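Let me begin by presenting the structure, written as structure tokens, before commenting on it.
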Number of protein chains: 2
Amino acid sequence: MGFVGLGIMGTSMARNLIEDGHELVIHNRTRAKAEKLAMLGAEVATSPREVAGRSDVIITMLPGPPEVEEVLAGENGLLKGVRDGSLIVDMSTSSPLLAQELSRTANTRGVGMLDAPVSGGDIGAIEGTLSIMVGGEKEDFERARPLFEAMGKTIVHVGAAGAGQTVKACNQIVVALVIEAVSEALVLGSKAGVKPEKVIEVLSGGLAANKVMEVKGEKFLSHDFAAGGKVEYHRKDLGISLAAGREYGVALTVTALVDQLFGTLVAQGKGGWDHSALITLIEEWSGAR
Amino acid sequence: MGFVGLGIMGTSMARNLIEDGHELVIHNRTRAKAEKLAMLGAEVATSPREVAGRSDVIITMLPGPPEVEEVLAGENGLLKGVRDGSLIVDMSTSSPLLAQELSRTANTRGVGMLDAPVSGGDIGAIEGTLSIMVGGEKEDFERARPLFEAMGKTIVHVGAAGAGQTVKACNQIVVALVIEAVSEALVLGSKAGVKPEKVIEVLSGGLAANKVMEVKGEKFLSHDFAAGGKVEYHRKDLGISLAAGREYGVALTVTALVDQLFGTLVAQGKGGWDHSALITLIEEWSGAR
């Protein structure tokens, strides 16, 4: 099988596949990143096209929509070399509409396609505990399931082509808005003289409880914003959510505002910080800390 | 002991105190609401002032800041009749600054005061499982603790006078913004053709997980918006949060926007609906359902 895109996430996912017994043909734009996996027995190909020619199933894990389009539909892309009856599984976070378009193109060439973005971050990728949300044909999903099980824990077939990307877009909306919610609450508490750990303690016991506060609580308190989920990636994802909202005609009023706040963080040079650093913006505006 | 304010919440809370063995002197503006508790042995007083004159500890559970100010500091208010060494416990959701002001006034008359708002709604009040967030002096908190334990489960002393109200204001911010987050995500999913139950299933397994989605998931799916936590009360609470933000100088950018959305619901005549009905606004704007 093939694997294209060996960033932080992709490398860990590919390693889990190798450890599960799969023989991998891999490719990465920067070849050096492929060497570690080559030492584990993976064969390095010179282009996505070559990967496709040597694989029955090909997984891609790329930064975003432009790279997905290039790697699949570009000059030396997968679709140029892909064999009849193959399956392409794009696990990047990308656009639902692009996923649908690429699925149609693949299908007309007798190739199956799934969009299967993940959540769970670098830790989930290393430990093989990712959540994987999958759009596409049911039989293609069943075909890829053993591979998903080597990389993830929660694996859900959410609908037709594009549905996986749609659910990921929904996920990133909720995470972003919850970070903003907790941030506004903690700054209000602090400026009114209440210890943030007390706010978190009480809120965790009721309807305000949320996973962001549970997982990122320590970051909000310590202001150690080593990522974690980076601001710049989350901002990119919100761009995908908003573009989907525009296409499907959805009034994403608050998402649009929070996207601007993430953009402000990026402009401040905090793109590499953990996304919980959104609180620093409210603190600056409020003269806190 | 005394109890003033026998709405839906107050009646259940007072009943739990009676069942815990306390002898209550009660008052309510509409006397009829006091009759049920009178049948359980509570004595009905004609004014807050009279309640104060016959009690060592007095609990108030009122609609909001204007009523709190009237019942405590008004013509026939508690502070007119209160005895030296008494303790007033305001469990209404009210303003942190008003709580501080009333605490100072009470203290100068040798009377203790706690602000102790609750979360958990009518069910929590009936079952005696409320979360109670308490601001004020530690010894006053310890004095009232046995009473809190008859009404609630999670009981936290969060700081000095006003701190209880501050934490409640924080709580209502987070709940409101999470409702908006889940609503925008579900409408985006629906319009893109993904079943909302799939969105909830996947999001519940990761960083987007939250209590609102867990508790209100069925309401979002069925659109049965019987309250629950009413839109009009939550909107009132957000008014308190925003006023606190104004006083303490906190940039509550997104809270301000979501407050306007709740206001739109009230203007549409949905004030009595459950606050998860926020999703209907996004659906209308998006031509969904």
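The values are calculated or read from the model by the stated rules, or taken from the named source; none is laboratory data. Just so we're clear, the structure is a prediction, and the values are computed from it rather than from any experiment. No Cβ is skipped: glycine too gets one built from the backbone with ideal geometry, and neighbour counts run over all protein chains shown. The protein model used for the area step is the full one, side chains on, heavy atoms only, and it has no ligands, DNA or RNA in it. Shrake-Rupley method; radii C 1.70, N 1.55, O 1.52, S 1.80 Å.
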Filter result for B:L203 (among the aliphatic types (A, V, I, L, M) and either surrounded by fewer than 24 Cβ atoms within 10 Å (Cβ to Cβ) or out of contact with any Pro (no Cβ under 7 Å at 6 or more places or on another chain) (or both)): yes
Some residue of segment B:168-191 being in contact (Cβ under 8 Å) with a residue 12 or more places away in the chain and part of a loop (DSSP other than H, G, I, E, B): no
Residue check for A:A208: touching a Pro at 6+ places or on another chain (Cβ under 7 Å) and facing chain B (nearest Cβ under 7 Å): no
Segment B:222-235: number of residues that are within 24 Å of A:L252 (Cα to Cα) and either without any contact (Cβ under 8 Å) to a residue 40 or more places away in the chain or more than 8 Å from chain A (Cβ to nearest Cβ) (or both): 9
Selected residue (only one of A:A192, A:A244, A:A251 is closer than 30 Å to A:D90 by Cβ, facing chain B (nearest Cβ under 7 Å), open to solvent by 10 Å² or more (accessible area, probe 1.4 Å) and at pLDDT 95 or above): A:A251
Answer from A:M1, A:M13 - the residue that is at pLDDT 95 or above and within 15 Å of the chain's Cα centre (by Cα): A:M13
Tally of residues being open to solvent by 40 Å² or more (accessible area, probe 1.4 Å), within 25 Å of B:V175 (Cα to Cα) and among the aliphatic types (A, V, I, L, M) across segment A:213-241: 2
Condition check for A:E197: surrounded by fewer than 16 Cβ atoms within 10 Å (Cβ to Cβ), part of a helix (DSSP H, G or I) and of a type in the set (D, E, K, R): yes
